[in-house]
Amino acid sequence: EIVPASDLPRQADSVRGCEHLFELTRLRNDRTHDERTLRDWRRRGRANTVAATDLVGEDVVKKYDMYLSLFMIGFHTATMNLSRFAFKRIDSPNRSGS
């Protein structure tokens, strides 16, 4: 419900989708960074539960807390990743400067 209809690609799918168009020049996995970020967001949210509940209601606060908790676990256990790609365009051999 937080991110409806999301189906994120796997690393290999992203790279495969760029074959013959782009060259992968760098791949970095920042899952531990996102785990720390989500842990901090959850801590701050919990510290402000009353204000958040007044603003959006108890159900929304609980859903976001669960979302943050589950994604933290996913990043911690490496069942989820935050992949950062750098690609370089491959110039077509059919293109010429003339």
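The values are calculated or read from the model by the stated rules, or taken from the named source; none is laboratory data. Computed from a predicted structure; not experimentally measured. Backbone-built Cβ (ideal geometry, glycine too); neighbour counts: all protein chains shown. With ligands, DNA and RNA removed, areas are computed over all heavy atoms of the protein, side chains included. Shrake-Rupley method; radii C 1.70, N 1.55, O 1.52, S 1.80 Å.
Annotations
- Residue match in the stretch 53-64 (condition: under 16 Å from the mean Cα position of the chain (by Cα), open to solvent by less than 80 Å² (accessible area, probe 1.4 Å) and hydroxyl-bearing (Ser, Thr, Tyr)): no
- Test: GLY45 is surrounded by 11 or more Cβ atoms within 10 Å (Cβ to Cβ), over 14 Å from the mean Cα position of the chain (by Cα) and either of a type in the set (Asp, Glu) or at positive phi (or both): no
- Helices (runs of 4 or more DSSP H) within the stretch 9-71 that include 1 or more residues out of contact with any strand residue (DSSP E or B) (no Cβ under 7 Å at 6 or more places or on another chain), of a type in the set (Lys, Arg) and at pLDDT 95 or above: 31-47
- Criterion violated by ILE90 - all others in (1) at pLDDT 95 or above; (2) touching an Asp or Glu at 6+ places or on another chain (Cβ under 7 Å); (3) among the hydrophobic types (A, V, I, L, M, F, W, C) satisfied: (1)
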